[in-house]
Amino acid sequence: DYRDVERVGVAARAKGRAVRGIFHSHIDCGAYFSAEDRVVALSGGEVPTFPDFVQIVVSVESRVVKAVRAFRWDARVRDFAEVEIEEG
């Protein structure tokens, strides 16, 4: 729930850490940034609530992770674009 993100961010900063992304799952469908995901991620329908965050979408089918994809706000196109997931 996005309402909890700020609370978690404050707690992370107190420990010298930062929240850098949000994830959610799509059950029995693909790992894509859906129209509903976009609506939830935008504040007032136009700008992202957390523009610097990576939005991670996990596809789960029959309780098995099938795919993981990441998206980030691209101000040039005013939409979320897929980005590479970096390990580490």
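The values are calculated or read from the model by the stated rules, or taken from the named source; none is laboratory data. Since the model is a prediction, treat every value here as computed from it, not as a measurement. FYI the Cβ positions are ideal-geometry reconstructions off the backbone, even for glycines, and counts take in every protein chain you see. When the accessible area is computed, the model is the full protein with side chains, heavy atoms only, and any ligands, DNA or RNA have been set aside. Shrake-Rupley method; radii C 1.70, N 1.55, O 1.52, S 1.80 Å.
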Result for segment 14-62: accessible area per residue, probe 1.4 angstrom, in square angstrom, of 64
Rounded to a whole %, the carbon-and-sulfur portion of the accessible area of segment 23-88 at a 1.4 Å probe is 51
Among beta bridges assigned by DSSP with both residues in the chain, the antiparallel ones amount in percent, to the nearest 5, to 70
Only helices counted: for the chain, with every DSSP H run of 4 or more residues adding -39500 (n - 2.57) and the sum spread over all residues, [θ] at 222 nm is -6500 deg cm²/dmol
The farthest towards the positive end of the charge dipole of the chain, of the residues 45, 67, 5, given +1 on Cβ of Lys and Arg and -1 on Cβ of Asp and Glu, is 5
With label points set 7 Å from each Cα along the Cα-to-Cβ direction at residue 65 and residue 34, the distance between them in nm comes to 2.0
